[in-house]
Amino acid sequence: ISHPDRIITEDDIERLYESAKSLKLSKDEKIIDVIPQEFIIDSKDGIFDLPIGMFGLRMEAKVNILTGLVSQIDDLSNCVQSCGVDIDDIVLEPLASSYAVLNESEKKVGVAMIDIGGGTTDIAVFKKGVIKHTAGIGIAGSQVTNDISETLGIDEKEAERVKKEFGYAMVSEIINDDVVTIQGIKGRKPLRIEKSIISRIIQARMEELFVLAGQEIKRSGIESYLPAGIVITGGGSLLRGTRELALQVLGSEVNLGVPMDIGGGLIKEVESPIYATGIGLILHRMKYLSHRKNVKSLKGKKHPGLKNVFERIKHWFDEL
Ligand SMILES: Nc1ncnc2c1ncn2[C@@H]1O[C@H](COP(=O)(O)OP(=O)(O)OP(=O)(O)O)[C@@H](O)[C@H]1O
Ligand SMILES: [Mg+2]
């Protein structure tokens, strides 16, 4: 610890991350993130929060090192920057979502989060407050839409509407099996079919998704110790009957992960699983900045930009 008073600062954490980053990798890979699992200060282990502001002579850490392909990271970064947006940090998507939809108690006792997005479903398993396993599956909302489009011979846009308006992830969840009207492709005759037929197409794909998600959760090795069960989130979890299907396939308690009660006057419009990642990214940044503020005030200085950032974030929400 470099500080003369032996207070751990973000500079010490930064140096620790830097030393973890000196790991030798193949040329086409680079480190995206270093995720601490546990800190050890002067031989005292079991510290799961960032120890900024604590006292000590020596700090060690157990970390997860996240790597990615250089070409993919560079493509993505160029794409974002060409939209006029600067990149501060790259955060693993399931980790970002987890900041918004999981609380500390769930992560402490053990929980698995399944974030069903558009292109991919992300999985993250937590125990003792830290992330133990992450994985991605190439099945999510857009594959479901694509199945509806191909099976019924309708265009993607109509398939997306049909999924959201009439879709169920589980046939047995349909109460009134009404006949609905679906637009044919390019002026062709409309189709009139029961909701249960649409649902059968959806259920096949969603079952496959949860079977694969279950296999990934098993791979974490702590599947049988997840007292907080499974939390589903992401836009794909808004499909009716998804929770019930997950329960049937995975056999454990399933809850919907919604960003809420996170303070700062979060408005109703963002209380939806579809905003889990976005809200999680904001929370991640706010937590980092408030750590900096605490350290700076310990040193007798305030971080000048912090108030400004909170105000800007509040302003975005007000504008929604
Ligand atoms: N009401 C709804 N009912 C069913 N599906 C929905 C609903 N709203 C959104 N979706 C689906 O959610 C998916 C998008 O979810 P989300 O916004 O979480 O994805 P993303 O984070 O952009 O994608 P990814 O995580 O793959 O990068 C789309 O496939 C969309 O069809
Ligand atoms: Mg997503």
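Tabulated data for the structure shown
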| item | result |
| --- | --- |
| Dipole-positive endmost among A112, L283, L16 within the chain (Cβ charges, Cα centre) | L16 |
| Using θ = phi - 60° and Karplus 6.51 cos²θ - 1.76 cosθ + 1.60, couplings along the range 178-183 (whole Hz; Gly, Pro as x) | 5, 8, 10, 9, 10, 5 |
| FRET efficiency estimate (nearest 0.05) - Cβ-Cβ, I73 to S2, R0 35 angstrom | 0.70 |
| Loop-exposed trypsin sites (Lys or Arg not before Pro) per DSSP, neighbour cap 15 Cβ within 10 angstrom, longest uninterrupted part of the chain | 189-298 |
| Nearest-20 debye value, the chain charge dipole, Cβ charges on Lys, Arg, Asp, Glu | 540 |
| Selection from S142, I73, M260 lying farthest towards where the dipole of the chain points positive, charges on Cβ | M260 |
| Cβ-derived FRET efficiency at R0 35 Å, R285 paired with Q37, nearest 0.05 | 0.95 |
| Sequence of Y225, Y99 once ranked by neighbouring C-beta atoms within 10 Å, starting from the fewest | Y225, Y99 |
| In nm, spacing of pseudo-spin labels at D88 and K62 (7 Å Cα→C-beta vector) | 3.0 |
| 0 to 90° range, to nearest 10: angle between helix 276-298 axis and the chain longest Cα axis | 10 |
| Cα-centred dipole magnitude for the range 82-183, charges only on beta-carbon of K, R (+1) and D, E (-1), debye, nearest 20 | 600 |
| Packing-based exposure ordering (other Cβ within 10 Å, fewest first) of H133, H284, H3 | H3, H284, H133 |
| Proxy reagent accessibility, fewest Cβ within 10 Å first, across V63, V211 | V211, V63 |
| Stokes-Einstein diffusion coefficient of the chain, Kirkwood radius over Cα pairs, 10 °C, 1.306 mPa s, in µm²/s | 72 |
| Spatial extent of the range 1-90: Rg and Dmax, with the Cα atoms as the point set, Å | 16.1, 47 |
| Label-point separation, D155 to I197 (7 Å along Cα→Cβ), nm | 2.1 |
| Compactness of the range 125-269 - radius of gyration and Dmax, Cα, Å | 17.5, 57 |
| 13 Å beta-carbon shell around L212, net charge (K/R +1, D/E -1) | -1 |
| Charge dipole magnitude, Cβ of K and R +1, D and E -1 - the range 1-120, Cα centre, debye nearest 20 | 400 |
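Values quoted throughout were computed directly from the atomic coordinates according to the rules given, and no laboratory measurement underlies them. Since we're looking at a predicted model, the values are computed, not measured. Glycine also receives a Cβ, built like all others from the backbone with ideal geometry; neighbour counts cover every protein chain displayed.
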